[in-house]
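The values are calculated or read from the model by the stated rules, or taken from the named source; none is laboratory data. Since the structure is predicted, the reported quantities are computational estimates derived from the model, not experimental observations. As a convention, Cβ positions derive from the backbone with ideal geometry for all residues, glycine included, and neighbour counts pool all protein chains shown. SASA here: full protein model, heavy atoms, side chains in, ligands and nucleic acids out. Shrake-Rupley method; radii C 1.70, N 1.55, O 1.52, S 1.80 Å.
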Amino acid sequence: MPPAVVPVEDGGCGGAKEEAVCESCHVAWSAWLTRLGRCLLASTLHPCHAALGLSPPPAPCFASFPAVVRGTLFLPSTGDRRVRLFLHEHAAPAESAAPAPILVLDLPAGLVGADIAAAGRIVLECQREWAGSGGALLESPKWLVYCNGSRVGFAARRETMSDGEGWAMEKLWAVTAGAGRLPGGGVEYLRGQFERIVGSADAESFHLVEPLGWLGVHGVGGLSVFFHRI
């Protein structure tokens, strides 16, 4: 909290004491405002309670979720052409086989890779009752999907990958970032590192940080995936 202003009686010293008190107040306020300025300039993901001399709040329940994840899009060109989105922990390729995914989403059938590339962002919206009372944001079983400002349908969350998807992930695990076609030629993939940003328990997003220009038109831009609950 800001420093208190304590009135001081003149005591016969006249203007000299008043001037000293004003200078002392100015120094105290300047120091507090400096700390506040540092706080406001800091990232919203790094609370500034310590800088203001306040006790830190309890750790949020989603603190264990990694700040950087590996994201993969499968873009089938035959059969079921729904785009699949997978988020995994970003373990080093040599550490182990592909771990269980954090999130598996089947995006709407009407949403194709070209739409995602042109928009550079996907917005997914869920209603609170869909995940049950107090459920984590990413546990919602279904999502309304918006791309390029238009509603394009529903996405469905799955608990696990299919056997075929698991096999493909094993083959791709050494690829940290890039694009190509899976063996057999029927599915394209896009993969990169995504930074997770948490706005609140009801809003978070994932932003492509490597490779830059991965999905952008003419080699610029990127991809962001926004989740929010209403």
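When segment 100-120 is filtered for residues that are closer than 18 Å to ALA203 by Cβ and open to solvent by 30 Å² or more (accessible area, probe 1.4 Å), only ILE102 remains. Here the condition is being in a strand (DSSP E or B) and at positive phi; of GLY199, GLY185, GLY153, it holds for GLY153 alone. When every residue of segment 156-163 is checked against the conditions, none turns out to be within 19 Å of the chain's Cα centre (by Cα) and open to solvent by less than 50 Å² (accessible area, probe 1.4 Å). Considering segment 203-223 alone, what residues qualify as being open to solvent by 40 Å² or more (accessible area, probe 1.4 Å), at pLDDT 80 or above and out of contact with any Ser or Thr (no Cβ under 9 Å at 6 or more places or on another chain)? The answer is VAL209, and nothing else.
Among the listed residues VAL152, VAL123, VAL198, identify the single one that is among the β-branched types (Val, Ile, Thr), open to solvent by less than 30 Å² (accessible area, probe 1.4 Å) and modelled with pLDDT of 90 or more. Give the derivation first.
Values: VAL152 fails: open to solvent by less than 30 Å² (accessible area, probe 1.4 Å); VAL123 fails: open to solvent by less than 30 Å² (accessible area, probe 1.4 Å).
Just a single option satisfies the conditions, and that option is VAL198.
Looking only at segment 156-182, residues that are assigned to a strand (DSSP E or B) and touching a helix residue (DSSP H, G or I) at 6+ places or on another chain (Cβ under 8 Å) come to 1 in all. The residues listed here are ALA51, ALA63; of these, the one that is at pLDDT below 55, part of a loop (DSSP other than H, G, I, E, B) and surrounded by 15 or more Cβ atoms within 10 Å (Cβ to Cβ) is ALA51.
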